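Here's the structure we're looking at; comments come further down.
The values are calculated or read from the model by the stated rules, or taken from the named source; none is laboratory data. Note that the structure is predicted; figures quoted are calculated from it, not measured. We place every Cβ from the backbone using ideal geometry, glycine too, and count neighbours over all the protein chains shown.
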């Protein structure tokens with residue numbers, strides 16, 4: 001049942017895209033049911049779609065590339081726009097001549113917010129000799145499920161999400177801002193404008209734990225103190241106990257590293273208890289799922305976030321990008337950081353392949369490490385070869401009463417971290433040049 | 001001292017949330033033995049009804065919450081006639097498969113209509129100060145509402161003619177129809193009641209959670225656990241099981257972290273089902 005439904009829908013939206021794109025994304029069965037029917041067709045029949053892009057020239061073979069995102073399930077708030085932008089970027093690249101004169105053919109994998117599908121599809125991609133690169137994964141947990149498999153099979157992975165750092169893999173490139181790039185301006189702002197006592201509410205998986213380790217170290221350096229930490233599993237939406245504990249600890253600032261749809265309830269219940277009058281919230285993850293749309297303005301007013309990208313950024317690349325996105329997906333919500341990094345990732349890979357003159361993985365890695373700057377919708381980005389992370393601009397913004405982001409100030413070309421907090425550094429052109437691992441912080 | 005009061009109130013709220021999200025399933029599964037995998041989607045429909053009516057039609061939130069069960073009742077009636085009617089008394093797995101498919105369809109329809117991030121509503125009525133804590137009025141309202149609904153259902157099933165017929169038709173349909181009960185019509189009403197209760201639960205939850213098409217899915221597992229642990233007394237058993245499971249989860253969350261709270265809930269459920277395989281109300285004299 002699920003197989004035909006998925007494939008049918010995807011083909012329909014493929015045709016829509018090649019004519020006049022509509023907002024119909026490729027979606028298939030949802031994730032929540034898997035708990036009950038492990039052996040059902042829903043697992044085996046996820047939407048694996050081989051896209052047939054336009055024939056480029058009669059004799060140029062396409063370069064196969066892949067994207068893995070959670071298009072359905074609890075993380076679809078992130079995954080659906082990311083997959084849509086992936087598709088849009090490939091179309092755009094093909095329209096402007098492809099890569100090395102060859103068209104790109106995108107293989108889309110919907111991982112349905114299930115970690116095990118990341119491993120499975122990574123195996124499939126790994127076994128597929130044609131696929132040269134993957135731009136995918138949303139949570140750090142999903143990246144860690146896919147990365148070892150992909151890099152063992154010699155596939156490049158570009159990871160577009162903001163994340164906690166610690167990646168030390170020659171074949172992985174991290175697009176999104178890391179904790180150092182985002183939490184430093186947030187902590188500095190909070191200490192100057194709100195207070196010195198912090199309470200951390202974080203998602204209970206690798207991102208939340210590592211981000212909290214960073215928060216503790218940054219807060220200490222800024223002269224503040226962390227008065228409490230609460231880790232919340234991804235499927236919890238009853239925050240009564242958390243809110244009671246926050247009131248006992250009486251912080252001035254909440255550092256909220258919440259992830260996913262269920263965690264939005266935190267901001268709602270926090271405001272319902274009247275706590276948002278006196279306690280400021282700063283967050284490096286709020287807004288990635290368009291929380292400011294789902295929540296009411298009274299609940300989100302004054303929350304401060306830090307990202308590399310905001311839709312209101314005023315530069316020509318952003319204007320062109322937004323116009324193209326709105327034309328292709330007129331019903332989509334506001335654009336946040338993650339889909340932009342998908343666009344950046346594909347273009348950085350394209351430039352590296354063209355510099356290297358081939359899709360051979362080691363040549364492309366060397367070209368990436370030669371730090372070719374790219375002008376993306378979020379400004380100038382350039383790869384830092386030592387950490388495989390992007391040096392990019394980071395802006396602080398706050399949500400106003402009209403649910404829009406008002407940029408407070410922008411810091412240009414912020415360096416990413418080359419060290420994992422409390423642990424060793426990662427030097428991918430030096431001591432770690434054949435490393436395929438992740439370094440975890442000592443908390 | 002005020003911390004204890006606030007914790008106690010928080011426990012009551014958690015129990016109330018469990019009750020409100022499980023009562024619909026208690027009627028459909030506990031009484032009629034229909035494994036309703038679409039229970040989460042009915043919660044979601046109720047939540048969206050309330051949210052949309054407040055945001056787009058400008059209704060007061062209380063009126064919008066009351067409309068949620070009506071919408072779910074209508075949809076439930078259609079579902080019952082189209083899908084469930086032929087499944088009474090069949091194997092559990094048949095109802096499971098049918099309602100599973102239904103839940104996928106409803107979920108996808110919701111995504112197509114609302115998208116993944118649609119504007120929601122905040123909690124009404126403000127907050128109250130208790131010592132150095134502040135608690136939202138709405139979270140105090142939920143236990144009162146949950147108790148009222150349970151009491152009303154109890155009266156419905158024990159004091160009214162419909163209640164008697166519903167229980168008869170569910171427990172022994174052949175004998176009931178031999179005695180002149182219109183079993184098909186009564187079962188339709190009972191299923192519709194179950195869906196309406198799910199919708200009401202969803203509507204009541206909508207101001208305190210983020211309403212999205214997947215919002216019901218995180219409650220289905222706990223609802224099934226609560227109803228099964230509750231046992232054959234589908235109303236009072238579910239209430240007792242909610243109190244035990246919800247209470248344990250909240251208290252452990254207060255003392256430790258949310259993860260331990262969830263673990264404690266699951267552990268207690270496992271122990272209860274192992275120790276009392278017929279459920280908490282297995283050997284109660286009153287099977288209601």
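Got a sec? Which of B:74, B:102, B:18 is surrounded by fewer than 22 Cβ atoms within 10 Å (Cβ to Cβ) and within 14 Å of chain A (Cβ to nearest Cβ)?
Details: B:74 fails: within 14 Å of chain A (Cβ to nearest Cβ); B:18 fails: surrounded by fewer than 22 Cβ atoms within 10 Å (Cβ to Cβ).
Just one listed residue meets the conditions, B:102.
Collect the residues in segment A:214-265 that are more than 14 Å from every other protein chain (Cβ to nearest Cβ), part of a helix (DSSP H, G or I) and touching a strand residue (DSSP E or B) at 6+ places or on another chain (Cβ under 7 Å), keeping them in residue-number order.
Listed by number, the residues that qualify are A:215, A:216, A:219.
Just one of B:264, B:196 is away from chain A (no Cβ under 14 Å) and more than 25 Å from residue A:291 (Cβ to Cβ); which is it?
Within the list B:264, B:196, the selection yields B:196.
Can you give me the ranges of the helices (runs of 4 or more DSSP H) entirely in segment B:173-288 with at least 3 residues that are within 27 Å of residue A:237 (Cβ to Cβ)?
Values: elements: B:173-178, B:183-205, B:217-230, B:236-255, B:258-275.
Correct list: B:183-205, B:217-230, B:236-255, B:258-275.
Is it the case that segment B:7-18 has a residue that's assigned to a helix (DSSP H, G or I) and in contact with a strand residue (DSSP E or B) (Cβ under 7 Å, 6 or more places away or on another chain)? Walk me through it before giving the result.
Applying the first criterion (assigned to a helix (DSSP H, G or I)) to segment B:7-18 yields B:7-18.
After this cut, where a residue has to be in contact with a strand residue (DSSP E or B) (Cβ under 7 Å, 6 or more places away or on another chain) as well, the list is B:9.
Yes, segment B:7-18 contains a residue that is assigned to a helix (DSSP H, G or I) and in contact with a strand residue (DSSP E or B) (Cβ under 7 Å, 6 or more places away or on another chain).
So that you can scan it fast, the table gives a plain yes or no per residue for (1) away from chain A (no Cβ under 14 Å); (2) buried (at least 24 other Cβ atoms within 10 Å of the Cβ):
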{"site": "B:154", "(1), (2)": "yes, no"}
{"site": "B:168", "(1), (2)": "yes, no"}
{"site": "B:172", "(1), (2)": "yes, no"}
{"site": "B:176", "(1), (2)": "yes, no"}
{"site": "B:183", "(1), (2)": "yes, no"}
{"site": "B:192", "(1), (2)": "yes, no"}
{"site": "B:210", "(1), (2)": "no, yes"}
{"site": "B:221", "(1), (2)": "no, no"}
{"site": "B:228", "(1), (2)": "no, no"}
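Considering only residues that are crowded, with 24+ Cβ neighbours inside 10 Å and farther than 15 Å from residue B:21 by Cα, which ones fall in segment B:236-257?
B:249, B:250, B:253
Which of the helices (runs of 4 or more DSSP H) found entirely inside segment A:297-357 contain at least 1 residues meeting this: outside the structural domain of residue A:255 (by TED's automatic domain parsing)?
Working: elements: A:297-300, A:316-328, A:337-356.
Result: A:316-328, A:337-356.
Can you pull out the residues in segment A:170-213 that are assigned to a helix (DSSP H, G or I), touching a helix residue (DSSP H, G or I) at 6+ places or on another chain (Cβ under 8 Å) and crowded, with 24+ Cβ neighbours inside 10 Å?
A:179, A:183, A:187, A:207, A:210, A:211, listed by residue number.
Starting from residues that are more than 7 Å from chain B (Cβ to nearest Cβ) and either in contact with a helix residue (DSSP H, G or I) (Cβ under 8 Å, 6 or more places away or on another chain) or crowded, with 24+ Cβ neighbours inside 10 Å (or both), keep the ones in segment A:288-302 and report whichever is nearest to residue A:140 (Cα to Cα).
By that ranking, first place goes to A:288.
So that you can scan it fast, the table gives a plain yes or no per residue for (1) assigned by TED's automatic domain parsing to the domain that holds residue A:335; (2) surrounded by fewer than 19 Cβ atoms within 10 Å (Cβ to Cβ); (3) under 24 Å from residue B:116 (Cα atoms):
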site	(1), (2), (3)
A:78	yes, no, yes
A:96	yes, yes, no
A:100	yes, yes, no
A:122	yes, no, no
A:131	yes, no, no
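Counting only residues that are part of a loop (DSSP other than H, G, I, E, B) and at the interface with chain B (Cβ under 8 Å from one of its Cβ atoms), which one in segment A:266-282 is farthest from residue A:205 (Cα to Cα)?
Taking the candidates together, the pick is A:274.
Listed here are the residues, each with its yes/no results for (1) within 14 Å of another protein chain (Cβ to nearest Cβ); (2) under 24 Å from residue B:32 (Cβ atoms).
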position	(1), (2)
B:189	no, yes
B:202	yes, yes
B:216	yes, yes
B:238	no, yes
B:254	yes, no
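Any idea which of A:126, A:165, A:154 is under 30 Å from residue A:418 (Cα atoms), in a loop (DSSP other than H, G, I, E, B), more than 18 Å from the chain's Cα centre (by Cα) and in contact (Cβ under 8 Å) with a residue 12 or more places away in the chain?
The match here is A:154.
Given the criteria surrounded by fewer than 17 Cβ atoms within 10 Å (Cβ to Cβ) and either under 23 Å from the mean Cα position of the chain (by Cα) or touching a residue at least 12 places away in the same chain (Cβ under 8 Å) (or both), does residue A:413 qualify?
Yes: the conditions hold for residue A:413.
Residue by residue through segment B:1-15, note down the ones that are more than 10 Å from every other protein chain (Cβ to nearest Cβ) and farther than 17 Å from residue B:261 by Cα. It would help to see each step written out before you state the result.
Within segment B:1-15, the subset more than 10 Å from every other protein chain (Cβ to nearest Cβ) is B:1, B:4-5, B:8, B:15.
Across segment B:1-15, the qualifying residues are B:1, B:4, B:5.
Only residues that are more than 8 Å from chain A (Cβ to nearest Cβ) and within 21 Å of residue B:4 (Cβ to Cβ): list them for segment B:109-140, please.
At the first step, the residues of segment B:109-140 found to be more than 8 Å from chain A (Cβ to nearest Cβ) are B:109-110, B:112-114, B:124-125, B:128-131, B:137, B:140.
Those that are more than 8 Å from chain A (Cβ to nearest Cβ) and within 21 Å of residue B:4 (Cβ to Cβ): B:128, B:129, B:130, B:131, B:137, B:140.
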